[in-house]
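Computed from the coordinates by the stated procedures, all read-outs in this text should not be read as laboratory data. Here the structure is a predicted model, which means the values were calculated and not measured. Cβ atoms come from the backbone with ideal geometry, glycine included; neighbour counts cover every protein chain shown.
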Amino acid sequence: MTTTTKATRTDIYTRVTDAIIEQLSQGVRPWLKPWSCEHAAGRITRPLRHNGTPYKGINILMLWVSAEEAGFVSPFWLTFQQAKELGGHVKKGEHGSPVVYAATFKKKEQTDDGQETEEEIPFLKEYTVFCADQCEGLPPHFYAAVNPPTEKLERIERAETFFANTKADIRTGGNRAFYAMDADYVRMPPLETFRDAESHAATLAHEMTHWTRHGSRLNREFGRKRWGDAGYAMEELVAELGSAFMCADLQITAEVREDHASYIESWLKVLKDDKRAVFSAASHASQAVDFLHGLQPQPAA
C-alpha cells in the first residue's frame, strides 16, 4: 500500500468522524431527522442509490449530513456518469458528496522459514455522488413530491407488525425501557406513558437493536465490563443508529430520548479516541437492521 493510499484512508475516517463530532458537540444528532419526507420515495428515508437500493452503514450518516447541510429533498444519489446514462446531467457548479466502499489489497510477506504468505488487507475507497436535486433531466420519479402521510395509525400498525414478526420476547410494564441480556427479553413501558405512538415505536426500535446483540443472533460484543465504559457507550451508539435506520425504513419520526442526552459525552470520547468507531457502529447498526428485516415473512414466489 502506498503512502498516498494510507493517507487517503486516514483522511476518510478523520473527516467523517470530525464532522459527526462537531454536530454532537453542538448537541445535534445527525441521524434524528426524517429526511426526504417531501419526496414520494422519501417514504423510505434512507439515502437511495440511483436504482432505489438503500445505502448502508456509514454512507447513511454521510449522506444524511450532506442532505441536512444543503437542504436536499430527494433521497436519490447518483454518480456523474449515472446521471448521464439516465438522460440527465449534474447542474453546472454543483459539488458532490463523498461516499465510501470497502476494498482490499493483497500484501505478501515472507515467514522466517522462507515461506511466502499473502494476506488481503481491507481499506476504504471514496467516490463522489450527487443528489438528484443537483441534477436536471432525470426521469420524473427522481423529483416526484408527495403529500405527507396523515394516517399515523397505518404507519404505527406496520411498525407493530414488524416487531411482532421478530418473535422477540417483548414485555410491557414498569417505567423504563431496556433489553435484559441474560433473560433475553425487551421491557417497554405501556404505550399510554409515551408522548405519542411514534415515540413508543422509536424507543422499541432502539431496544430491538440491543436485542440483536445476543449470542444466538449477531453475538455483538465490544468488551464492555461495566455500565458507562467505552464498550457500553459503543453498544448504545449502535442501538441509537440502528433505531434511526429502522425508523427510516418504518416511516417513524425518530426523536431524542431525554435519558440519552447523557450519552453524547461518552460518544464524543469514543469517537475522539478512535476515528474508526463511528464506521464500525454504523456497520453494526446496519447489520442489526438487516437481521430484523430478515425475520419478516417473505412474499410468496
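Figure the gain on full extension for Lys125 and Glu69 (residue separation times 0.36 nm, minus the Cα-Cα span) and round it to one decimal in nm. List each step's numbers first, then the result.
Numbers: separation 56, 0.36 × 56 = 20.16 nm, distance 2.33 nm.
Full extension of this stretch gives 17.8 nm more.
Report the FRET efficiency, 1/(1 + (r/R0)^6), for Leu295 and Asp112, where r is their Cβ-Cβ distance and R0 is 35 Å, rounded to 0.05. So the FRET efficiency works out to roughly 0.15. Positive contributions from Lys and Arg (+1) and negative ones from Asp and Glu (-1), summed over other residues with Cβ under 13 Å from the Cβ of Arg171, come out at -1. The stretch between Glu265 and Ala180 holds 28.2 nm of extra length on full extension. This uses 0.36 nm per residue minus the Cα-Cα distance.
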